[in-house]
Structure formats: C-alpha cells, structure tokens
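Following: one structure in structure tokens, then a few remarks.
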Amino acid sequence: MSSWNEYSTENKDRFLEELLGLLRIPSVSADSKYKEDVARCAEAVKEHLLKAGCDTAEVCPTAGHPIVYGEKIVDAKLPTVLVYGHYDVQPADPLELWHSGPFEPVIKDGKIYARGACDDKGQMFMHIKALETMVKTGNVPCNVKVMIEGEEEVGSVNLGKFLQDNKERLKADIVLVSDTSMISMEHPSIESGLRGLSYMEVEVTGPNRDLHSGVYGGAVANPATILCKLIASMHDENNHITVPGFYNKVQELSAAERKAINDAPFDLDEYKKDLQVGDVWGEKDYTTLERTGIRPTLEVNGIWGGYTGEGAKTVLPSKAYAKISMRLVPHQVSDEISGLFAKHFESIAPASVKVKVTAHHGGEPVVTPTDSPAYQAAAKAIKTTFGKDPIPTRGGGSIPIIALFERTLGLKTVLLGFGLDNDNIHSPNEKYDVANYFKGIETIPYFHKYFAESFGGNGMGI
Ligand code: BES
Ligand code: MN
Ligand code: MN
C-alpha cells in the first residue's frame with residue numbers, strides 16, 4: 001500500500017489530463033443550446049466516480065440539469081462526509097477576449113486556462129482524485145458521499161427538491177465544498193461565510209414606441225436616462241444603499257471581529273494595480289475586506305436599451321432595462337430584500353415612465369463556525385500540507401445551496417476552497433493554477449483523516 005502522496009504523485013499526469021478532458025465539455029447551464037453537453041458532462045463525472053472507486057454512482061435526472069451522486073461506504077460506524085460541487089459552468093462570452101478557446105484548455109506558466117478551470121470543475125475534480133487516492137491506497141478514513149450538481153450557476157433551482165427527496169441517502173456528518181478561494185499559496189485561508197443574494201431585473205417603459213430623438217427628445221422622458229437616475233439614487237453620498245429597510249437586519253460586527261477580518265494580509269496598492277483602477281470605491285467607514293466580506297452591496301450587472309449597434313442612430317428608446325443584484329449578509333432574508341427593492345423602485349419612478357420589477361433566483365447568507373471539529377479538521381489539513389495555519393476569511397461570493405444543507409439536512413458546511421481571487425471566474429481567461437489543483441488533492445485526504453479522528457477513530461478507516 002503506497003501512501004496518499006506517493007499515489008497522487010505517481011498519477012500526476014493522468015490526474016491533470018483527466019481534468020482537461022472534463023474542461024473540454026462545454027457544460028454551460030444557462031444556455032439551452034448546451035443541454036446535451038451538460039448531460040454528457042454529468043455522464044463523464046459519473047464515470048469518474050466509478051473509476052475512483054465509488055460503490056455506486058448515478059446520474060439523477062431533475063426538472064432541469066441532472067445531479068450526479070456517488071458514494072463509497074467503508075463502515076457504517078465511521079463518520080460520513082458529503083462532498084458537494086458543481087460541474088456546470090458560466091457562459092464563456094465575451095469570446096473575443098479569450099487568449100485561447102474557453103473549452104480548449106491549455107496550460108501556460110503553470111496555469112490551466114479554460115472556462116470552469118477553477119469554478120468549479122477543477123476544484124470539484126480534486127475531490128474525485130482525492131477519493132481515488134484514498135481508495136487505491138486502501139486508506140479511506142470516512143464514508144464519502146459525493147453530490148455534483150449541474151445548476152449551481154443558475155441558482156440550484158432543482159437541488160432543493162433533491163435534498164428533500166433524498167434525506168436518508170444524503171445523511172452525513174458534514175458537507176465539504178471546494179468552490180471558494182483562498183488568499184494565496186503563501187497565506188492559505190478558509191472562508192467562514194458566504195454572502196446571500198437577491199437578483200432583480202427592472203424594465204422601464206417610456207413612450208409606447210421608439211421615437212426620433214430630435215422630434216421628441218427633451219419633451220418625453222427617456223427611459224434610459226430615467227433608469228440611470230433611479231439606479232444612481234440607490235447609493236447616497238456615503239455609498240450606503242438607500243432602499244428603505246435594507247439595513248434593518250444587518251448586524252454591526254464587534255471591534256474584535258472587524259479587527260480579525262482586517263488582520264488578513266491585504267495590499268491595497270497591489271489590489272488597485274491588479275485591477276488597473278485609480279482608486280477603490282465603496283461604503284464609507286469600511287475597508288475593502290469589510291466591503292466584500294461583511295457588508296451588503298447593490299450592483300448593476302447589466303444595463304441596456306436603445307441603439308447599441310455600429311455608428312450612430314438618433315433614437316429615444318421606448319424601453320430600458322437593468323439586472324441588479326444585492327449581496328446579503330447574515331440575518332438579511334433574500335425574499336424580504338427583493339420585496340423591499342421592488343417596492344422602493346416602483347415608488348421612486350416618476351409618472352413619466354412605467355416600471356416593472358421581477359425577481360430572479362436568490363439565496364441566503366451563511367456563516368460557518370470556526371470552532372467546530374470539522375473546521376478544525378480542515379485547518380489541521382491545511383497546516384499539514386501548507387505548513388501554516390489557515391486564516392479565516394469571509395467570502396464575498398454566494399453558494400445559495402449551502403443554507404439549504406443546514407435547513408433541509410441539518411448539516412453544517414466546511415468551505416475548503418483552493419481558488420484565488422484573480423482566477424478570473426465568470427470572466428474571460430478563467431484559470432486555475434496546477435499547483436493549487438495538486439495541493440487540493442493532497443490536502444483533502446487529510447481532512448477526512450482528521451475529521452474521522454475528531455470522532456474518536458484513528459483516521460485509518462478503523
Ligand atoms: N463558486 C462561486 C461562488 C464563490 C466564488 C464563492 C468565489 C466564494 C468565492 C459560485 O459558483 C457562484 O458563482 N455563485 C454565484 C451565485 C449563483 C446563484 C449564480 C455568485 O456568487 O454570483
Ligand atoms: Mn462555483
Ligand atoms: Mn460560479
């Protein structure tokens with residue numbers, strides 16, 4: 001029996017090649033054009049689970065894209081880890097900004113470039129390779145259940161029902177997820193919370209048809225102008241959000257909690273340089289780390305209307321639109337915030353336009369405890385493979401299903417992410433460092449070992 005490290009080192013090239021194979025499948029969940037590819041990707045994940053040594057693995061159909069589920073049960077007396085990840089990816093556009101094809105992965109300077117390289121195929125696949133490593137070396141410290149969904153990037157709309165319908169099958173002691181980021185390889189960290197989300201779409205209608213902007217302009221409200229004014233009014237001069245009631249449930253953190261967040265290594269100049277911005281922006285009296293970690297935000301994700309084609313067309317558009325999302329922090333409730341937003345947006349619209357507000361998917365914020373045996377097992381695993389204690393951080397992104405794991409299955413989650421903030425997730429030239437991929441594969445088995453030990457076992461599957 002070789003050790004975990006020996007096995008994964010011996011199989012390094014294949015582990016990488018197999019990931020590249022998955023990255024070649026354009027499993028874009030948002031675009032129905034890719035439905036067959038998404039299904040093909042689910043099949044591929046199932047095959048990988050079987051090859052890794054799962055007792056069973058299956059593709060479970062849903063009303064949307066399928067969920068892949070597999071398990072390796074070693075002994076009913078051992079604790080059980082439920083691994084969650086997603087095999088679907090964000091759309092790849094704008095295509096012209098990619099240096100190589102989004103679904104033709106290339107390795108350059110130690111980085112894998114492809115859509116989904118980090119979010120989340122690369123990170124999810126580390127668990128499958130870690131499982132293979134544990135099984136093939138005859139050292140599986142915990143029972144392992146693996147659930148990989150195909151709709152995370154479109155709001156996990158069918159996963160809630162799957163959890164409800166499969167409560168028995170999904171019984172576990174902890175959920176383990178690699179779909180977040182760490183500060184850097186030099187400063188490993190573990191996210192101890194995620195923000196929630198409310199996602200709205202607004203439509204502003206002015207006149208009943210597009211008008212000549214010379215004949216009518218200046219006399220009829222331009223819905224694009226009005227939309228910009230409405231959006232601009234949603235932050236005050238301190239960049240606080242002006243939606244009434246928005247902050248009602250937001251709790252101020254204690255000075256000690258804020259200090260802990262700001263103690264994390266962060267270089268503002270580097271941050272600005274990386275993004276090529278002259279300055280940062282945000283809510284007054286909060287630092288950048290606080291603005292992205294513990295404060296709620298309101299952002300325009302897209303705005304359109306009128307003529308956007310080549311050249312100039314003089315037109316006063318009939319309609320203008322925007323997609324607006326709000327990131328939520330603990331105690332804010334997605335549906336409530338969506339309701340407050342809709343009410344406010346309707347109330348500030350002038351009589352010269354009509355507005356329509358619709359809510360897209362949302363999700364609740366989560367905080368994961370850092371004093372739990374599961375978090376400690378993750379911290380010890382990081383310490384083992386990085387030689388450093390991880391820094392707890394609060395992540396800015398959202399994984400809406402995490403709140404449902406607790407609500408439906410009564411399970412807490414550990415966010416053992418190996419991505420980096422500059423991995424360009426959801427953006428052109430998404431990448432994942434080869435080193436992070438292998439570090440993840442190396443670290444994950446130790447999580448299982450230390451988690452089993454926290455239950456009193458010896459971490460050797462006995
Ligand atoms: N993996 C991300 C979330 C994430 C990224 C968390 C980086 C922490 C650090 C996930 O796939 C994602 O993109 N979530 C969406 C929400 C979802 C409902 C589309 C998000 O955060 O915008
Ligand atoms: Mn993700
Ligand atoms: Mn994502």
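Assorted remarks:
- Of all positions in the stretch 399-421, at least one carries a residue that is in contact with a strand residue (DSSP E or B) (Cβ under 7 Å, 6 or more places away or on another chain), in a loop (DSSP other than H, G, I, E, B), surrounded by fewer than 17 Cβ atoms within 10 Å (Cβ to Cβ) and not assigned by TED's automatic domain parsing to the domain that holds Glu203.
- Those helices (runs of 4 or more DSSP H) lying entirely in the stretch 207-325 with at least 1 residues open to solvent by 80 Å² or more (accessible area, probe 1.4 Å) and not small (Gly, Ala, Ser): 223-232, 255-262, 268-275
- Residues being hydroxyl-bearing (Ser, Thr, Tyr) and not in a strand (DSSP E or B) - total across the stretch 187-203: 1
- Filtered residues of the stretch 360-386 (kept if surrounded by 22 or more Cβ atoms within 10 Å (Cβ to Cβ) and of a type outside the set (Gly, Ala, Ser)): Glu364, Pro365, Val366, Thr368, Tyr375, Ile382
- Among (1) touching a Gly at 6+ places or on another chain (Cβ under 9 Å); (2) modelled with pLDDT of 95 or more; (3) open to solvent by less than 10 Å² (accessible area, probe 1.4 Å) - the single one Gly395 does not satisfy: (2)
- Enumeration of residues in the stretch 129-177 that are closer than 17 Å to Lys449 by Cα and under 15 Å from the mean Cα position of the chain (by Cα): Leu176, Val177
- Failed item in (1) in the same structural domain as Asn208 (by TED's automatic domain parsing); (2) buried (at least 16 other Cβ atoms within 10 Å of the Cβ); (3) touching a helix residue (DSSP H, G or I) at 6+ places or on another chain (Cβ under 8 Å); (4) outside any strand (DSSP E or B), with Val357 passing the rest: (4)
- Exactly one residue among Thr370, Thr385 is in a helix (DSSP H, G or I) and either under 30 Å from His331 (Cα atoms) or among the hydroxyl-bearing types (Ser, Thr, Tyr) (or both), and that residue is Thr385.
Here is a yes/no grid of residues against (1) of a type in the set (Ser, Thr, Tyr); (2) outside any loop (DSSP other than H, G, I, E, B); (3) more than 16 Å from ligand 1 (Cβ to nearest atom):
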site	(1), (2), (3)
Met124	no, yes, no
Lys129	no, yes, yes
Lys145	no, yes, yes
Gln164	no, yes, yes
Glu168	no, no, yes
Met185	no, no, yes
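The values are calculated or read from the model by the stated rules, or taken from the named source; none is laboratory data. Predicted model only: the values in this text are computed from it and were never measured. Please note: Cβ atoms are built from the backbone with ideal geometry, for glycine as well, and neighbour counts cover all protein chains shown. To get the accessible areas, we keep the full protein, side chains included, count just its heavy atoms, and leave off ligands, DNA and RNA. Shrake-Rupley method; radii C 1.70, N 1.55, O 1.52, S 1.80 Å.
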